[in-house]
Amino acid sequence: MEQTEYISEKRRELVSVVNSMLAGEMHLIEGIRRICALRFAVEDPENEVFLAIRGIESETDFFPLGSMRVRCSPEYLRRMDGEMQRYLSETRRYIFQSCREIIKAFSHPDAQ
C-alpha cells in the first residue's frame with residue numbers, strides 16, 4: 001500500500017471513529033484513545049483539533065476499559081465507573097465539539 005493510500009485510509013478511520021462516538025456507538029473514552037493513536041497515522045499529530053482530545057486522554061488514561069477490566073476488583077470498577085461517568089458528564093460537550101472539528105478537518109481527502 002502506498003503511503004498516501006495508507007494516510008487516506010487512516011483519515012477515513014479517524015472520521016469513522018468520531019462519527020461512532022457522536023452517534024453513541026462507541027464509548028467516548030475508548031474513542032478518545034483511538035483518536036490519539038490515529039492522529040499519528042494521519043501524519044498530523046500536532047493539529048490543533050486534537051488539543052482537547054489529547055488533554056482528555058491524559059486525564060482519563062487510568063480508567064479501566066476493555067480487557068484491562070478483568071484484572072480489577074468489582075469494587076474498584078464500581079468506583080472508577082462512577083468517576084468516569086462524572087468526568088464524562090462534565091466534558092461531553094467539549095468532546096463532541098472536538099469531534100465535530102475533527103470531522104471538518106479530516107473528512108475531505110484534500111484537507112490538510
Worksheet item: Rounded to the nearest 0.05, what FRET efficiency is calculated for residue 92 and residue 70 with R0 set to 25 Å and r the Cβ-Cβ distance?
Response: 0.40
Worksheet entry | Residues 54, 78 arranged by fewest to most Cβ contacts within 10 Å | 78, 54
Worksheet entry | GNM result for the chain, Cα springs below 10 Å: residue of 88, 77, 38 fluctuating most strongly | 77
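If neighbour count is taken as other Cβ atoms inside 10 Å, put 67, 20 in order from fewest to most. Write out the running numbers ahead of the final one.
Details: 67 7, 20 16.
Exposure proxy ranking, most exposed first: 67, 20.
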Discussion item. If packing is taken as the average count of other Cβ atoms within 10 Å, what order do 95-101, 45-51 fall into, highest mean first?
Written reply: 95-101, 45-51
Worksheet item: Where does each of 103, 56, 32 land when they are ranked from fewest to most other beta-carbon atoms within 10 angstrom?
Response: 103, 56, 32
Response to the item:
Quick note, the range 61-112: a/c under 1.5 would make it rounded; otherwise a/b > b/c is prolate and the rest oblate (a ≥ b ≥ c, C-alpha gyration tensor); here it is oblate
Worksheet, complete the sentence: Matching label for the computed Rg and Dmax of the Cα atoms in Å, out of (i) 15.0, 49; (ii) 14.2, 46; (iii) 16.4, 51, is (i)
Practice prompt. Using R₀ = 35 Å, calculate the FRET efficiency as 1/(1 + (r/R₀)^6) where r is the Cβ-Cβ separation of residue 85 and residue 2; round to 0.05.
Written response: 0.20
Discussion item. Contact order normalised by length for the chain, with contacts defined as Cα pairs under 8 Å and 6 or more residues apart; what percent is it?
Written reply: 35
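No value in this document is a laboratory result; all are computed from the given coordinates. Computed from a predicted model, the values in this text were never measured in an experiment. Reconstructed Cβ throughout: ideal geometry from the backbone, glycine too, with neighbour counts over all protein chains shown.
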